[in-house]
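Visitor: Okay, here's the structure, questions in a sec.
Read-outs throughout are calculated quantities, based only on the coordinates presented, and are distinct from any laboratory measurement. Remember, it's a predicted structure, so these values are computed and weren't measured experimentally. All Cβ positions, even for glycine, are placed from backbone atoms using ideal geometry, and neighbour counts span all protein chains on display.
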Amino acid sequence: MIETHPQSGRLTMSATEAARVLRRDIRTVRRMIETGEIAGGAQQGPKQRRWYVYVDQLPMQRGGKTRRSVEQLAAEVVGLRADNAELHAKTSDLITRVVSSDETNRLVMAARTTLRESMDDYQSATSQLIRAASCFRRAVDHFYSAVEEMQEANGRLNAVLSQQT
């Protein structure tokens, strides 16, 4: 008689997956279950039966090693879950760092724009000061010319006055 429900605590896989592992046709695997050659069963599905095989019935042919026990597989699953949790935490940390870096980059870009605008204002003010200094220099030159002309005129006037007295 074929089992209709898997035994609790025993890992199962679909008969299709077992056929792939065994490198056999699915019909051969079903026949092996029916004859008791491998432990498994079939659950009634909505349209057809769902065949399953207990994982401990299949050899894991990796590098010629024999199949591993359920305890070894369970320990490996626990280890993989711990690794997965650690990787998830590291991924979350990296995502946080990327978000923080993006925000820092936005702030640096804004500061750069502000600095560039300040530099433009500084250059404009410096140019204006240079133009004002140039105008002041021309005014000083005109003042010296006016002073020289005043001194010359004053000298001539004094000469005229001294001749009259």
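Visitor: Express in whole angstrom the spacing between the alpha-carbon centres of the stretch 16-45 and the stretch 96-161.
Guide: Going from one Cα centre to the other spans 93 Å.
Visitor: Looking at the chain, send over the antiparallel percent of its DSSP beta bridges, to the nearest 5.
Guide: Antiparallel: roughly 90 percent of the beta bridges in the chain.
Visitor: Here is a further query. So, in nm, how far is label TYR122 from label ARG50 when the simple model puts each one 7 Å beyond its Cα toward the Cβ?
Guide: In this crude label model, TYR122 to ARG50 measures out at 7.3 nm.
Visitor: Another question, if that's okay. Over the alpha-carbon set of the chain, work out the extent along each principal axis and list the three values in angstrom, largest first.
Guide: 157, 35, 28
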